[in-house]
Amino acid sequence: MAEIHLKDIAHAYVPGEYALKSMDHIWQDGSAYALLGPSGCGKTTLLNIISGLLKPSEGQVLFDGKDVTGADTAHRNIAQVFQFPVIYDTMTVRENLAFPLKNRGMAPADINGRVEEVAGLLEISDRLDSRATGLTADAKQIISLGRGLVRTDVNAILFDEPLTVIDPHLKWQIRSKLKDLHRQFSHTMVYVTHDQTEALTFADKVVVMNAGEVLQVGTPEDLFERPAHTFVGYFIGSPGMNFLDVELDGSRAVLGDQSIDLKQAPAKKSGVQLGIRPEFLDFADQGISCQVTSLEDLGRHRIASVSISGQSAKVIVPSGKPVPSENAMLSFDPDHTLLYTDGYLEESLR
Amino acid sequence: MQRTKNQKAWFLVLPVFLLVAFSAIIPLMTVVNYSVQDSFGNNEFFWVGSEWFVEVLNSDRLHDAFGRQLMFSGIILAIEIPLGIWIALKMPKKGWAVSVCLVLMALPLLIPWNVVGTIWQIFAREDIGLLGHTLAALGVDYNYTQDTLSAWITVIVMDVWHWTSLVVLLCYAGLSSIPDAYYQAAKIDGASKWAVFRHIQLPKMKRVLTIAVLLRFMDSFMIYTEPFVVTGGGPGNATTFLSIDLVKMAIGQFDVGPAAAFSIVYFLVVLLVSWVFYTVVTASDAEDQS
């Protein structure tokens with residue numbers, strides 16, 4: 001196990017076109033991370049740099065302070081599970097699970113014990129001796145997961161969207177199993193996904209990426225309460241955060257002919273957006289006037305689409321609470337009303 | 001529900017039926033026709049039943065040719081399949097070199113059989129051929145027109161030169177269909193090069209290798225043109241393979257009856273061997289899936 005330091009890492013597959021923009025990040029030993037971002041944002045690139053399948057075009061990879069940038073995958077002692085199942089067709093399930101251990105020269109008796117243990121965890125003990133080829137995609141992916149988990153001495157276990165091919169009802173089970181494993185063995189785990197629920201339920205810390213850039217590293221709570229970038233705001237949460245273009249007048253944000261009092265006055269005056277989550281907007285007797293344009297009932301709550309001085313926003317309304325049809329007023333929760341300049345959260349609010 | 005009976009659809013099958021009849025059934029039946037009759041010329045034929053088949057199946061001459069044929073196919077398969085796999089593994093995976101290699105590999109396949117024969121006939125000649133003359137100058141006792149071993153080596157090297165490319169191209173296609181994730185997973189699992197070959201590359205090439213073995217077996221078992229041009233079946237009968245013997249019998253000696261019986265037996269042998277091979281391979285495939 002090790003602390004993994006990506007020191008000024010950047011990667012370009014084609015010279016000049018950075019798939020991963022320069023970043024400096026430390027993955028603490030024993031933490032569970034989720035790497036969250038839309039497809040093509042550089043998540044897999046980052047993962048392959050950690051595991052050594054890819055050599056970064058710039059920067060260094062340090063394991064516990066030791067430079068391993070040039071070391072290949074085998075010498076980094078990393079386990080990785082890929083998006084699509086990889087199965088050795090010629091082997092049985094047992095041999096598949098034993099393969100990473102056998103290649104490292106572990107004693108057969110120890111291998112057997114470890115394989116049985118992992119098979120037990122993944123509930124595949126009953127099919128250990130069947131051939132791996134004829135199985136369904138989910139079953140194969142569980143074996144791939146097993147090969148990732150079978151080694152006990154790894155520096156980190158990396159998961160590259162491992163549950164893509166798994167049935168939804170199994171996804172929950174496997175994810176909670178991975179969490180249990182993390183609690184039990186406290187391996188450093190990095191879990192790549194584009195699904196926010198997966199990320200928020202799995203990880204201690206979530207790393208949000210977009211367009212080759214790490215936008216925020218934080219606990220699920222941080223990401224919800226204080227998104228560091230507008231992208232994080234609307235990528236996380238359902239529906240995402242509302243952003244309204246505002247003019248600034250001292251410590252007041254001006255929206256058309258209305259204004260909202262802010263806790264602080266930001267330094268920069270132009271390109272400012274006001275961000276607030278739909279959870280923190282509330283219909284009230286006074287505040288900012290708006291028109292309700294539509295109402296969606298999701299059972300547990302309703303989502304009202306409103307127009308505030310020509311700009312649209314969403315409001316979450318708890319069930320049972322009336323939605324005014326005329327002269328609607330919105331109150332903004334001052335603690336959760338954030339300001340963004342050029343996409344980034346105002347420095348004083350961070 | 002009442003089923004409508006309508007036989008008119010048979011007319012739609014007629015074109016295919018005619019095509020197959022003219023391209024396969026009628027020529028084949030002519031051969032069957034000859035194989036059960038004898039003729040003394042004048043287009044007069046006599047029924048002889050299975051006499052020709054009995055003669056052909058008991059003929060030492062044909063047994064020898066059959067033995068030589070099996071040995072030839074066995075040797076070229078034993079060389080071309082491993083060599084083809086090895087070259088395919090060594091071929092570049094990306095960049096401009098891929099096209100260069102593919103074109104180079106495809107070249108021998110584009111050369112007509114008798115041209116290949118002629119090239120090697122001249123290339124290996126002791127008096128004027130580059131290869132033959134060089135070998136003679138080096139003191140190697142090599143003369144394919146007189147020495148059986150030399151003749152065999154020449155014919156085999158020629159076939160390997162001509163046809164290994166086919167195996168290479170098929171294997172290369174099989175290899176390029178392996179997703180990167182397999183190689184990455186193997187790296188993560190710490191697999192050796194041999195383990196990658198044994199557990200990833202070879203299993204993924206299995207299907208194309210089946211096709212390669214079948215094609216090379218059928219082709220080599222029916223080889224005619226190249227050895228005919230190079231050695232003419234000699235020295236003696238040393239490189240007289242089944243086709244060469246068949247042509248000698250049918251056209252050289254004009255023994256139409258035995259030649260026809262021989263053709264049918266020949267055809268059935270190729271069919272049988274291919275069928276057995278294919279069945280065994282697909283059966284082991286089905287076992288993999290269960």
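Couple of notes before you dig in:
- Among the protein heavy atoms of the protein assembly as shown, carbon and sulfur supply 60% of the accessible surface, probe 1.4 Å, non-protein parts ignored.
- Whether the protein assembly as shown is rounded, prolate or oblate, judged on the alpha carbon gyration tensor where a/c under 1.5 counts as rounded: prolate
- The range A:231-323: trypsin sites (Lys or Arg not before Pro) in DSSP coil with no more than 16 other Cβ atoms inside 10 Å: A:Lys263, A:Lys268, A:Lys269, A:Arg300
- What the Cα atoms of the range B:75-238 give is an Rg and a Dmax of 18.9, 60 Å.
- Taking the longest Cα principal axis of chain A as reference, the axis of helix A:137-149 is set at about 80 degrees.
- Heavy-atom accessible area with a 1.4 Å probe sorts B:Asp141, B:Asp245, largest first, into B:Asp141, B:Asp245.
- Contact with the other protein chains removes 50 Å² or more of accessible area, compared with the isolated chain and a 1.4 Å probe, from these residues of the range A:66-109: A:Phe82, A:Val86, A:Tyr88, A:Asp89, A:Thr90.
- In the range B:195-241, the residues that give up 30 Å² or more of accessible area when the other protein chains are added, compared with the chain on its own (1.4 Å probe), are B:His199, B:Pro203.
- Helices in chain B, meaning DSSP H runs of at least 4 residues, each add -39500 (n - 2.57). Divided by all residues, the mean residue ellipticity at 222 nm is -22500 deg cm²/dmol.
- Net charge over other residues, Cβ less than 14 angstrom from the Cβ of A:Ala19 (K, R count +1; D, E count -1): 0
- Under 5 Å, built H, 5+ apart or other chain: amide partners of A:Leu281: A:Ile316
- A simple spin-label model places pseudo-atoms 7 Å from Cα toward Cβ; at B:Thr225 and B:Asp127 they are separated by 2.7 nm.
- Summed buried accessible area for B+A [probe radius 1.4 Å, Å², rounded to 100]: 1800
- Residues listed by number, the range A:5-41, amide nitrogen under 12 Å from A:Ser186 label point at 7 Å toward C-beta: A:29-32
- Between A:His301 and A:Ser57, the FRET efficiency estimated from the beta carbon spacing at R0 = 60 angstrom works out to 0.80.
- Note on A:Ala211 and A:Thr293: their simple-model spin labels are 2.4 nm apart, each label 7 Å out from Cα toward Cβ.
- Cα-based Rg and Dmax for chain A, where Dmax is the largest Cα-Cα distance (Å): 24.2, 77
- Taking amide hydrogens as placed 1.01 Å from N in the peptide plane, the amide H of A:Leu248 sits under 5 Å from those of A:Val254, each at least 5 positions away in sequence or on another chain.
- In a DSSP loop and with at most 14 other Cβ atoms within 10 Å, the trypsin sites (Lys or Arg not before Pro) in the range B:15-121 are B:Lys93, B:Lys94.
- Label zone at B:Leu214, where the point sits 7 Å out along the Cα-to-Cβ direction: the range B:81-108 residues whose backbone N lies under 12 Å: none
- Distance (nanometres) between label positions extended 7 Å along Cα→Cβ at B:Ser274 and B:Ala97: 3.7
The values are calculated or read from the model by the stated rules, or taken from the named source; none is laboratory data. Fair warning: this is a prediction, and the values are worked out from it, not measured in the lab. Note that each Cβ is placed from the backbone with ideal geometry, even for glycine, and that neighbours are counted across all protein chains shown. We work out accessible area using only protein heavy atoms, side chains counted, and drop any ligands, DNA or RNA first. Shrake-Rupley method; radii C 1.70, N 1.55, O 1.52, S 1.80 Å.
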